[in-house]
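What follows draws every value from the coordinates through simple rules; no lab data is involved. Keep in mind that what you see is a predicted model, and the values were worked out from it rather than measured. Cβ sites come from the backbone with ideal geometry, for glycine too, and all protein chains shown count toward neighbours.
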């Protein structure tokens, strides 16, 4: 008698099990991506907090504003990492930085970060000058200080190249979630550019996930 060859293949149950496993893996990957994005937003928030706290601690210790402290010779004479700084302020009690030079290392920006680093309040090389003196965020943008978005009062800490979803999360956690109101505000940025803060984004638009923002919070 002729022997018939058994045909190999998957049963419907086996296919269903495979599909369930694939679905679980995809859900895990998507959830993991969400957690990574949320973690990056939290890291940026912590970096901004550290700079604001560093400014307060510096003022408590030296009775001067970081970046506005001077002269250079007096600061370098403190020894240690202070000997490596290259910038000092005019000691007029005002942190002189405009909107336009927030991320361009103008005014007393470089001095601000060199002084905080030399004093040990934030990490980094106190000798870094120009734009290299500015910290980088988890989004590869720059973090700096200045007057912030139009309408804000006092000194602010700002970050560029922040995705819309992260900007919304930060604003919601730290303030009121509205782009042009409160102690945390945003202005539209450009992908790959460190856009200086300007006029606030209209509140009616809210944060859009596909947009890039420059965000600022009061220190």
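Per DSSP helix of 4 or more residues, -39500 (n - 2.57); summed, then divided by the residues of the chain. What does that give at 222 nm, rounded to the nearest 500? Walk me through the numbers before you get to the answer.
Values: 4 runs with 77 residues, N = 219.
Calculated mean residue ellipticity at 222 nm is -12000 deg cm²/dmol.
Quick one: compute the contact order of the stretch 39-218, relative version, from alpha carbon pairs under 8 angstrom and 6+ residues apart, as a percent.
Working: 410 pairs, mean separation 34.4, N = 180.
Once divided by the residue count of the stretch 39-218, the mean separation gives 19 percent.
At a Förster radius of 25 Å, what calculated FRET efficiency corresponds to the Cβ-Cβ distance of residue 193 and residue 150, to the nearest 0.05? Display every interim value, and only then the final one.
Numbers: r = 19 Å, r/R0 = 0.75.
The pair residue 193/residue 150 has a calculated efficiency of 0.85.
Using a 10 Å cut-off on Cβ atoms, rank the peptides 175-183, 18-26 from the highest mean neighbour count down.
Details: 175-183: 16.8, 18-26: 10.1.
Put in order of decreasing packing, that is 175-183, 18-26.
I'd like the orientation of helix 12-62 relative to the chain: the angle between its Cα long axis and the longest Cα principal axis, in ° from 0 to 90, rounded to 10.
10 degrees
Using mean Cβ contacts within 10 Å as the protection proxy, how do 95-101, 159-165, 116-122, 71-77 order, highest first?
In decreasing order of mean packing, 95-101, 159-165, 116-122, 71-77 become 159-165, 116-122, 95-101, 71-77.
Would you give the gap between the C-alpha center of the stretch 74-148 and the C-alpha center of the stretch 178-207, rounded to a whole Å?
So the two Cα centres are separated by 24 Å.
How large is Rg/Rh for the chain, to two decimals, with Cα atoms and a Kirkwood Rh?
Details: Rg = 24.7 Å, Rh = 19.4 Å.
Rounded to two decimals, Rg over Rh is 1.27.
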